[in-house]
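Visitor: Dropping a structure here in structure tokens format, bear with me for questions.
Just so it is clear, none of the values below were taken in a lab; they were calculated from the coordinates. These numbers were taken from a predicted model, which means no experiment stands behind them. No Cβ is skipped: glycine too gets one built from the backbone with ideal geometry, and neighbour counts run over all protein chains shown.
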Amino acid sequence: MVAITFIAADGAERTIDASEDLSLMENAVGNGIEAIEAVCSGNAYCGTCRVYVDAAWQGRLGEAGDIELPMIEASGDETPGVRLSCQIVVTPDLDGLVVRTPASQG
Ligand code: FES
């Protein structure tokens with residue numbers, strides 16, 4: 001089990017049992033996390049799968065890559081830890097990951 005906790009803008013928490021080798025976005029959508037809209041289905045051009053990685057995890061996940069950065073910048077979202085969840089592949093190392101979701105997506 002790769003337990004990943006999503007915290008909505010209103011503070012509601014939900015922990016899912018994520019599947020390895022799928023993206024964080026795919027796991028969120030598959031588990032009914034409503035704040036992850038994922039309009040472009042994971043192609044890094046809609047920005048509606050944004051999450052804010054908990055500070056304790058930011059170093060472990062690293063920074064957004066070249067595919068993500070243009071979309072994040074275009075979204076205008078400068079929240080610390082912002083990432084596109086479609087570009088994060090779930091691995092066993094992510095067990096315990098905590099991410100928040102933006103109000104604008106929920
Ligand atoms: Fe569209 Fe991630 S699903 S950018």
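Visitor: What share of the DSSP beta bridges in the chain is antiparallel, in percent to the nearest 5?
Guide: Values: 12 of 16 bridges.
Antiparallel: roughly 75 percent of the beta bridges in the chain.
Visitor: May I ask you to derive the relative contact order of the chain, considering only C-alpha pairs under 8 Å and at least 6 residues apart, and to give it as an integer percent? Walk me through the numbers before you get to the answer.
Guide: Details: 204 pairs, mean separation 46.5, N = 106.
Worked out over the chain, it gives 44 percent.
Visitor: Also, quick follow-up: Run the simple label-point estimate for ASP66 and SER104 please: 7 Å along Cα→C-beta, distance reported in nm.
Guide: 2.7
Visitor: Label points 7 Å out from Cα along the Cβ direction at TYR45 and ASP93: separation in nm?
Guide: Rounded to a tenth, the inter-label distance reads 3.0 nm.
Visitor: Using R₀ = 35 Å, calculate the FRET efficiency as 1/(1 + (r/R₀)^6) where r is the Cβ-Cβ separation of GLU20 and GLU73; round to 0.05. Don't jump to the answer; show the numbers that get you there.
Guide: Numbers: r = 30 Å, r/R0 = 0.85.
So the FRET efficiency works out to roughly 0.75.
Visitor: Between exposed GluC sites (Glu not before Pro) in the chain, where DSSP calls loop and at most 11 other Cβ atoms lie within 10 Å, what's the longest gap? Spell out each step's value before the answer.
Guide: Details: sites that count: GLU63, GLU78.
By the stated rule (loop sites, at most 11 other Cβ atoms within 10 Å), 1-62.
Visitor: Another question, if that's okay. Of ARG83, ARG14, ARG60, which is the most mobile in a GNM of the chain whose springs link Cα atoms less than 10 angstrom apart?
Guide: Among ARG83, ARG14, ARG60, the largest GNM mean-square fluctuation belongs to ARG60.
Visitor: Sort VAL99, VAL39 so that the residue with the fewest other Cβ atoms within 10 Å of its own Cβ comes first and the one with the most comes last.
Guide: Values: VAL99 25, VAL39 11.
Placing the least packed residue first, the sequence is VAL39, VAL99.
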